Amino acid sequence: MSKNLRFKSSKLVDETYRISFKFNNKTYFGYKGDTLASALLANDVHLVGRSFKYHRPRGIMTAGSEEPNAIIQLHDNTSRTEPNVRATEIEIYEGLVASSQNCWPSVNFDIGGINNILSPILPAGFYYKTFMWPKSFWEKYEYFIRKSAGLGKSPKEADPDIYEHKYIHCDVLIIGAGISGIMAAKMSAKNGLKTLLVDEKSFLGGSSIYDNSEFSKINNQITSSWLEKEINEISKLENLEIKTRTSVAAFHGYNFLLARENLTDHLPMNQRENKIRHRLLKIRAKKVISATGAIERPLIFDNNDRPGVLLSSAMKKYIDLYGVACGENNILFTNNDTAYETAMSMVQRGIKVNAIIDNREEIDSKLSYEIEKNNIRIFKGYTVVDTYGYKRISGLSIMELSKDGQKVIGKKIKLSCDSLGVSGGWTPAVHLFTQSGGKLKFRDDDQVFIPNKYPSDQLSIGSCNGDLSLEEITTNTILSVKKFLNINNTDYKTFEIITGINKSKRNIWLLPSDKILGKTKSFVDYQNDATAKDIKLALREGFRSIEHVKRYTTTGMGTDQGKLGNMHALGIISETAGTKMGEHGTTTFRPPYTPLTFGTIVGRNVGKFFDIVRRTPIHDWHVTNNAKFENVGQWKRAWYYPKVNENMNQAVQRESKAARDSAGILDASTLGKIDIQGTDASEFLNRVYTNAWSKLAIGKCRYGLMLNEDGMVYDDGVTTRLDENHYIMTTTTGGAANVLEKLEDYLQTEWPELDVYLSSVTDHYATISVCGPHSKKIVSKVIPDLDFSDEKFPHMSFKNTKIGQIKCRVMRISFTGEQSYEINIQSNYGKSVWKKCMEAGKDFNITPYGTETMHLLRAEKGFIIVGQDTDATMTPIDLQMDWIVSKKKYDFIGKRSLYRSDTIKDDRKQLVGLLTENPEEVLEEGAQIVADIKKSPIEMLGHVTSSYYSPNLNKSIALGVVKGGKKMLGQKLIIPMENKNINVTVADPVFLDKKGERLNAKL
Amino acid sequence: MFLINCPFCGEREQSEFKAGGEAHIERPKQPTELSDDEWAEFLFMRKNIKGVQFERWNHAHGCRKWFNIARDTSNDQIKAVYKMGEKPTVK
Ligand SMILES: [Zn+2]
């Protein structure tokens, strides 16, 4: 393990800056510029993880975001630890700590490896088939499955890092800063377009930036040098913003894209303090140019997953960019010319190439002749049939391919190696294009899917568009970008390209073997351990659609979304089924392209900013006076005010009794308030409420019930006629916004002829409700100028008045059944008026009460709470509120629905009161109500909606909905609970003061 | 995320808007004259088509106005935006 596979002078690595890091508890050294993968490879570490199902040893396979195997757990501290990080993407920094995941107890000795031996009994769909029977056993299986599966560990403490979101608007967004992206950026910015160029890597130039052999030239300059000059030039352009380490996660419709800008992950921990870690960019671009490149394909053969097997292009990148050899005795296995570029890089650096295995019988490229000149043996028309070595490849065997490529023939030849580079050609990275809704077409020549129809103003250029040669990339990029951006002039004239490779390729999706398929493990999806055998099994079992095969075999369902193997899965399906490629569809790539952290998604919306909090103007007083709060929508409402040593129940009982025996005070500011004005305001109310409004006198209040068009109760509240053409409507706290929206909807779309204007004034007023037999005395002290006599100020009326110099409205309305006054005053005076009321009520035992007591008091009176005693299936008739439904009005919202065949049924659930046999027993809200406990299955008649112990009646009371309940008065029913059955009697829902005498009670 | 060209405010992000279901379903002027079936047709039956669909949208976090759009549900292209009471300009 102490081998050093690093050699001097590479493109990206700063050899003067040494960095130490820990991997699986062992300390290693790397250099600034290294990724974790390149640093590990330099230390000759290939084994980095275990596979998901069979726990096979796996090594680094790629050098980019498509990595399926080298996914690691980063950081060992619990708040920052992060699973599923690709070792090929993370840049090392001093103090980095990482470990393998999905192995126990260690990557070198993994108990789950037994699954590899058991694999003949673990085919695709094994879990579905085996563990679903018997059903009751699932719980037992689940424990073991979850323990042995699992992709890393999630942090257990809050994330200490800072994240943020940012909106960006630009003329042109270019994704990918490879050669085509750089060219497009220059053309766009130089023509005055506001351009943004992003790339997921830390450097610009893509893969051409390390194309530094004599065999790749642009205009007589080595490609990488030519490109460096271009990069140098564009970095000075004014209209161009360049963001590296920025990965586009999602490409939505209308050119809306999400990208993650990684700002600190490459810095030493002590330099990250107070810096933003990730920034989620929300980009709206007028035009989008995708230059996302292509991903090299692996080859599918037996045991193609051993540590030491890499993509050939990754090997080249590790050599040219990081100065790291993947092995000392390398073999390349290919079906196209790409591997010869890798071989050339090795030759230039003096790294041993043992042999090249090529599927093709004829090879005709300058590079291949050059390789042969270097005495490297090329096995033409051969394929690898097996590999050896457990934790690291040690050798392989090859055989000759038959003419049709379906069989292997001749003698097996064994070759030794410690690293194998494979190349199955290239797959254009069309992921983002398809995310945006783009449709692909299949190109038979080289078996690739390429963009066909753009769903928005966008363009694909370079190899992601299927232009895989340097010549095609340069020529086509200029032509298509010019047309797309409507520009005439560019700096680019003609290109003279020199290249050592050709496009020839012999594509065989599943390479033949001397063994029968059942005996092979040819991995198609490395991360999810799906093999060619599994895919064929799925087809045999009748699956055809790629989406079904994918789910059955889990191909492409890992965190890498099968970036490497999906094409092979499609190829094997179409070969086996005897259909054309593309006929089974392609799988859908879904956002994000690479995984995003939750922190990035959430941004600043954490802690206090997670949701909006609404507080009443009197909130501080409640806090000072020890209120407990309840969330009602976004509102914080005082729930109850416990005194020392009081629990909730004791506090509510005390508050409830005080409100009826002396006086109570409630902060009702959260009630929705809608100001309604216009010459048709009365007519409007007539149409939206079930009862009649035209005859309501100015200065009077009325309770109203609002239905949906389907006849179901939607909201309720008191509306007051302030003037001839002026009303103020109150709504429930939670319903305010929806009611306003619904009323606006009707006004704008159904009744535009009505002269009515609506305005939300919820936040403009503080509402203080004083109730109880002493309430009149208290409000009289607060507003001495106002005549509170019953004659002048009867129940359900309102007065405009003043407290000091401040105008206010006082309504005499009651939700408790007690005599009750509601003071509405400009918000900022709310707290001082509340304090005035408290002061005035001191001698009358004025008691602040919260929502819980309010609910109890109204339940004693049988008043409903919309949303608690109703759901969207209750009509006013079901609620025994027939009295509020006008028989005379020709129409109102929901009227016609009240006599649909369904709504007039007798056995609908109806609101009733419930009294327990034992008056001390308080029912649980939500409990089921039944009549016959012996019937099987037991018929559920309804459920308890509100339930309290009433201190004013000294017994338990409840409301509930019961099928046909209206006709059950006095009937006995049963509430079956876990340990007992509770007997109840159906009662009138009004438990207290049926005649309403308390509204005018005098003390 | 669509860009919607509000007829009153101009082009805005979809997040400012709220969808309001199928357009051009007029509330019957005389509901009481309708049979249960006729009323149910108005109340419950909605189209769900692949292709151009006419929809109500509300600029909820903007001018609060309701208007109609014609949207191709197969690719989310908005073919037309028009005010309440107006006829769509596409079929
Ligand atoms: Zn608008």
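The values are calculated or read from the model by the stated rules, or taken from the named source; none is laboratory data. Note that this is a predicted model, so its numbers are computed, not measured. As a convention, Cβ positions derive from the backbone with ideal geometry for all residues, glycine included, and neighbour counts pool all protein chains shown. Quick note on the areas: whole protein, heavy atoms, side chains included, nothing else; ligands and nucleic acids left out. Shrake-Rupley method; radii C 1.70, N 1.55, O 1.52, S 1.80 Å.
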Computed about the Cα centre, the charge dipole of the protein assembly as shown from +1 Lys/Arg and -1 Asp/Glu charges at the Cβ has a magnitude in debye, to the nearest 20, of 840
Sorting A:ILE846, A:SER65, A:THR474 by the position of each Cα along the dipole of chain A (Lys, Arg +1; Asp, Glu -1; all at Cβ), the one nearest the positive end of that ordering is A:ILE846
A student asked for the Cα radius of gyration and Dmax of segment A:150-299 in angstrom ought to give 17.6, 57
Descending accessible area (1.4 Å probe), largest on the left, turns A:MET567, A:MET940 into A:MET940, A:MET567
Measuring from the longest principal axis of the C-alpha atoms of chain A, the long axis of helix A:648-661 (C-alpha) lies at a number of degrees, nearest 10, equal to 30
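For segment A:508-596, what is the accessible area per residue in Å², given a 1.4 Å probe and the full set of protein chains? Present the calculation step by step, with values, prior to reporting the outcome.
On the way: 3260 Å² over 89 residues.
About 37 Å² of surface per residue is accessible.
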In whole µm²/s, the translational diffusion coefficient that Stokes-Einstein assigns to segment A:549-633, given a Kirkwood hydrodynamic radius over C-alpha pairs, 4 °C and 1.567 mPa s, equals 72
Expected output for segment B:1-21, residues with a loss of 30 Å² or more in accessible area relative to the chain alone at probe 1.4 Å, reads B:MET1, B:LEU3, B:GLU13, B:LYS18
Note: segment B:3-83, point scatterers on Cα, Debye, no solvent; log10 I/I(0) at q = 0.26 Å⁻¹ equals -1.19
Relative contact order as a percentage, segment A:384-497, C-alpha pairs under 8 Å and 6+ apart, gives 14
Of segment A:950-984, those with amide N under 12 Å from the point 7 Å along the Cα→Cβ vector of A:GLU924 are A:976-982
Two pseudo-spin positions, 7 Å from Cα along C-beta at A:THR27 and at A:PHE598, lie apart in nanometres by 3.4
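Which value, in debye to the nearest 20, gives the size of the charge dipole of segment A:575-723 about its Cα centre, when Lys and Arg are +1 and Asp and Glu are -1 at the Cβ?
560
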For chain A, the longest principal axis of the Cα atoms and the Cα long axis of helix A:223-234 enclose an angle in degrees, to the nearest 10, of 40
The relative contact order of segment A:544-624, taking Cα pairs under 8 Å that sit 6 or more residues apart, comes to a percentage of 26
Projected onto the charge dipole of segment A:672-827 (unit charges on the beta-carbon of Lys, Arg, Asp and Glu, signs +1, +1, -1, -1), the Cα from A:THR801, A:GLY717, A:THR762 with the largest positive-side position is that of A:THR801
Percent antiparallel among DSSP beta bridges confined to chain A, nearest 5, equals 75
Here the convex hull volume per residue of segment A:381-428, taken over Cα atoms and given in Å³, is 102
The computed P(r) of segment A:429-574 puts the percent of Cα pairs beyond 21 Å at 57
For the A:ASN828, A:LYS802 Cβ pair and Förster radius 22 Å, calculated FRET efficiency rounded to 0.05 is 0.90
Ignoring ligands and nucleic acids, A:TRP226 exposes an accessible area, probe 1.4 Å, in Å² to the nearest 10, of 20
In whole percent, the fraction of accessible protein surface over chain A that belongs to carbon or sulfur atoms, probe radius 1.4 Å, stands at 52
In nanometres, the difference between 0.36 nm per residue of separation and the alpha-carbon distance of A:LEU479 and A:MET940 is 158.8 nm
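For A:LYS967 and A:HIS795, what does the FRET efficiency come to when R0 = 35 Å and r is the distance between their Cβ atoms, rounded to the nearest 0.05?
Efficiency for this residue pair is about 0.60.
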For A:ASN954 and A:LYS153, extending 7 Å from Cα along the Cα-Cβ vector and measuring point to point gives, in nm, a value of 6.1
Simple SL model, points at 7 angstrom along Cα→Cβ for A:ASN708 and A:ASP932; separation in nm is 3.3
Dividing the surface of the Cα convex hull of segment A:508-596 by four yields a projected area in nm² of 5.6
Under the helix-only model (-39500 (n - 2.57) for each DSSP H run of 4 or more, divided by the residues of chain A), the mean residue ellipticity at 222 nm, to 500 deg cm²/dmol, is -6000 deg cm²/dmol
Heavy-atom accessible surface buried between A and B, both sides counted, 1.4 angstrom probe, nearest 100 Å², is 2500
A chain fully extended from A:ASP611 to A:MET557 at 0.36 nm per residue, minus the present Cα-Cα distance, gains in nm 16.1 nm
With the convex hull built on the alpha-carbon atoms of segment A:535-678, volume per residue in Å³ sits at 309
Regression test value, accessible area per residue of segment A:751-902, probe 1.4 Å, units Å², expected 41
The extension gain from A:ARG540 to A:LYS994, computed as 0.36 nm times the residue separation minus the Cα-Cα distance, is 156.0 nm
Computed over segment A:672-827, the distribution of all Cα-Cα distances in 5 Å bins, rounded to whole %, is 2, 9, 18, 22, 20, 14, 9, 5, 2, 0
With all protein chains present and a 1.4 Å probe, the order of A:PHE684, A:PHE543, B:PHE17 from largest accessible area down is A:PHE543, B:PHE17, A:PHE684
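So if I place +1 on the C-beta of Lys and Arg and -1 on the C-beta of Asp and Glu, and nothing else carries charge, what would the dipole magnitude of segment A:855-997 be about its Cα centre? I want it in debye, nearest 20.
The calculation lands at about 720 debye.
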In whole Å, largest first, the alpha carbons of segment A:838-903 cover along the principal axes 56, 24, 17
Checked against the positive end of the charge dipole of segment A:157-198 (+1 on Cβ of Lys and Arg, -1 on Cβ of Asp and Glu, about the Cα centre), the farthest of A:TYR167, A:ILE179, A:ASN191 is A:ASN191
The relative contact order of chain A, taking Cα pairs under 8 Å that sit 6 or more residues apart, comes to a percentage of 9
Eigenvalues of the alpha-carbon gyration tensor of segment A:900-999, times 5 and square-rooted, give semi-axes in Å, largest first, of 23, 19, 10
Sorting B:SER35, A:SER419 on solvent-accessible surface, 1.4 Å probe, most exposed first, gives B:SER35, A:SER419
Semi-axes of chain A from the Cα gyration tensor (sqrt of 5 times each eigenvalue, largest first, whole Å) come to 73, 33, 28
In degrees rounded to 10, the 0-90 angle between helix A:830-840 Cα long axis and the longest Cα principal axis of chain A is 40
